[in-house]
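Here the structure is laid out as structure tokens; the discussion comes afterwards.
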Amino acid sequence: LIAANSADEPEVDVNENDLFVLSYTSGTTGVPKGAMITHRNAATGIICMALEWRLDPHHVYLLHAPMFFAAGGGARLHPVLRGCTCVVMTYDAQAILQTIEKERITHISFSPTPIKRIVDHPDAGKYDLSSVEFIGLTGATHSVAELRKLEQVFGHVWCSAYGMAESVNCGAILQPEEVAIEGPLSKRLGSIGKATSGIDLRVVNEQGHDVAPDGKELGEIILHGDMMTNGYLGMPQETANIIKDGWFYTGDMATVDEDGYTFIVDRKKDMIISGGINIYPREIEEVIYTHPAVSHCTVIGVPDEEWGETPKAVVVLRDGMKATEEAIIDLCRQNLASFKKPTSVDFVDNLPMTPSGKILKREVAGQYWKGYEKRVH
């Protein structure tokens, strides 16, 4: 096959600003949108991601995520750029544990659900996982309890990466040496870190000014860089809503601490307005996840005649474990301001999720808003 074809460079007329791929959003809060990624976006993002993931040719990268979404499709390119060995497989918790031991995997990335299944696997401690040097945690935040379990299985090799379908690389990263479960660096638990190579990251208030680095003032994360999309295919109004003066408005609300580390509070669209007070579900979810019986949870706003809407927790329990509505609400009461605690808790067998393991809040909330005027985002 090789001998029968020319060794000359193929004459392909491709401009750096030509469309490379459509990267679809996960649709957790609305209809999936096709983010237009150009060749320049892709090339820049792949180079920067290889740097942030600290890849060298001797590394062995495990690819297990589906190729049809950003974390799977994008992740296949930066290890190739660095000449790494790539092991490709379909996700299965036990098979991944076996593959890590057999192939001496050094680098791997996980969204919350897949890594939970691995660290909770009854055979996790039976495998030699010492080859793993770097685990990228993507997709959503991981509770402190989950991180403790992860470190028991793999050691302190994880980073927290913040990205989206609209960017080829992660927009921010918290590297392992910047955080710890215990001690002074534990104050950075829950942070997405700082801007990655090739990205400018700001957190701005409603007036467009940078928020104070006090860990209190809330603003929206905006991103700028060659790896960011220029917009959504066939959706000019949606594009105009999120790209302003060259900056991509993420819809993620955050604070910045005195050291410049960014902490996401919640999605703007997920915010619950109860009696005129803004409540961010993510803060409540993080408390609920500290309960040992909780496997998955989501907090949504549900109709309330007096307050307009109030927080409701929808919880999936771990197999063989129990918890009551009173216990969940009391846990929140002890750790949050009273107005933030859920007014009710529903226990379900499972929650609707995207293929990447993100909970579809829109579907969950929609069940409770049938017959009401409020339109779920």
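In the stretch 1-23, the residues that are within 30 Å of Lys33 (Cα to Cα) and at pLDDT below 85 never reach a residue that is loosely packed, with under 10 Cβ neighbours inside 10 Å and among the aromatic types (Phe, Trp, Tyr) with C-beta atoms less than 8 angstrom apart, at least six apart or across chains.
Yes or no: the stretch 330-351 includes at least one residue that is within 19 Å of the chain's Cα centre (by Cα) and outside any helix (DSSP H, G or I). Full working, then the answer.
Here is the first cut: in the stretch 330-351, the residues within 19 Å of the chain's Cα centre (by Cα) are 351.
Retained after the next criterion (residues that are outside any helix (DSSP H, G or I)): 351.
Checking the stretch 330-351: at least one residue is within 19 Å of the chain's Cα centre (by Cα) and outside any helix (DSSP H, G or I).
Among the residues that make up the stretch 294-313, is at least one of them of a type in the set (D, E, K, R), at pLDDT 90 or above, within 23 Å of the chain's Cα centre (by Cα) and not in a helix (DSSP H, G or I)? Yes, the stretch 294-313 contains at least one residue that is of a type in the set (D, E, K, R), at pLDDT 90 or above, within 23 Å of the chain's Cα centre (by Cα) and not in a helix (DSSP H, G or I).
Set side by side, the residues Asp245, Asp257 differ, and just one is in the same structural domain as Lys187 (by TED's automatic domain parsing), among the acidic types (Asp, Glu) and farther than 30 Å from Thr38 by Cβ, which is Asp257. Sub-8 Å Cβ pairs linking a first residue in the stretch 104-122 that is closer than 21 Å to Glu52 by Cα to a second residue that is among the aromatic types (Phe, Trp, Tyr) and assigned to a loop (DSSP other than H, G, I, E, B), at least 6 apart or interchain, are His107/Trp53, ordered by first then second residue.
Set side by side, the residues Lys149, Lys126 differ, and just one is among the charged types (D, E, K, R) and farther than 28 Å from Ile288 by Cβ, which is Lys126. Out of all the residues in the stretch 308-328, is one or more of a type in the set (A, V, I, L, M), under 30 Å from Lys194 (Cβ atoms) and outside the structural domain of Arg117 (by TED's automatic domain parsing)? Checked the stretch 308-328: no residue is of a type in the set (A, V, I, L, M), under 30 Å from Lys194 (Cβ atoms) and outside the structural domain of Arg117 (by TED's automatic domain parsing). The single condition from (1) over 28 Å from Ala65 (Cβ atoms); (2) out of contact with any His (no Cβ under 8 Å at 6 or more places or on another chain); (3) in contact (Cβ under 8 Å) with a residue 24 or more places away in the chain that Leu331 fails is (2). If you check Glu220, Glu166, Glu206 for being under 30 Å from Ala145 (Cβ atoms) and of a type in the set (D, E, K, R), only one passes: Glu220. Does at least one position in the stretch 315-328 carry a residue that is farther than 19 Å from Leu351 by Cβ, touching a Ser or Thr at 6+ places or on another chain (Cβ under 6 Å) and in a strand (DSSP E or B)? No, that holds for no residue. Does Val265 satisfy the criteria of being over 17 Å from the mean Cα position of the chain (by Cα), hydrophobic (A, V, I, L, M, F, W, C) and farther than 16 Å from Val345 by Cβ? It is false that Val265 is over 17 Å from the mean Cα position of the chain (by Cα), hydrophobic (A, V, I, L, M, F, W, C) and farther than 16 Å from Val345 by Cβ. Please tell me if Ser186 is touching a Phe, Trp or Tyr at 6+ places or on another chain (Cβ under 8 Å) and at pLDDT below 95. When the stated conditions are applied, Ser186 does not pass them.
The residues on offer are Leu201, Leu185, and the sole one that is buried (at least 19 other Cβ atoms within 10 Å of the Cβ) and either among the hydroxyl-bearing types (Ser, Thr, Tyr) or assigned by TED's automatic domain parsing to the domain that holds Arg54 (or both) is Leu201.
The values are calculated or read from the model by the stated rules, or taken from the named source; none is laboratory data. On a predicted model such as this, the values are computed, not experimentally measured, just so you know. Cβ: placed from backbone, ideal geometry, glycine included. Neighbour counts: every protein chain shown.
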